[in-house]
Amino acid sequence: MIENERTHRKLTGDKDISLEEFRKAVGAVIRQLRKKTLRLTQIKLARLVGITQASLCLIENGRRVGRMETLWHIAFAMGMNLSALVAAAEQLAETSATDSRNKKSI
């Protein structure tokens, strides 16, 4: 386990969530809210936030998590605060990690 993952596990109460799982979950939460709740295109949300559509695409696909400032602007543009976005992502990552472990044990 790399040092960043150890630090992340300390911050998340030693839950078994990797940084990759968390990054993917952040993107999934953003994409779901953008499409289903706000009905915005990537281009419209990116313009609201002040980033490129390509950057938003990388974040939504879990290939990049984005800076804290960027995530704050995304959350604000979607009508929520950063802590709510992170909490939703952690919950999704925990569920996904548990599902993956359960599938491996079958």
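Every number in this text was worked out from the coordinates using simple rules, so none of it is lab data. On a predicted model such as this, the values are computed, not experimentally measured, just so you know. Because the Cβ atoms are built from the backbone with ideal geometry, glycine has one as well, and the counts that use them run over all protein chains shown.
Hey, can you tell me all the residues within the range 21-62 that are without any contact (Cβ under 8 Å) to a residue 40 or more places away in the chain and not in a helix (DSSP H, G or I)?
Keep residues of the range 21-62 that are without any contact (Cβ under 8 Å) to a residue 40 or more places away in the chain, which gives 27, 31-32, 35-36, 39-61.
Arg39, Leu40, Thr41, Gly50, Ile51, Thr52, Asn61, listed by residue number.
Consider Gln53 against the criteria (1) surrounded by 15 or more Cβ atoms within 10 Å (Cβ to Cβ); (2) over 17 Å from Thr95 (Cβ atoms): it satisfies all of them except one. Which criterion is unmet?
Single failed check for Gln53: (1).
Please find, within the range 56-81, the residue that is surrounded by the most Cβ atoms within 10 Å (Cβ to Cβ) out of those that are among the small types (Gly, Ala, Ser) and closer than 13 Å to Arg23 by Cβ.
Gly66
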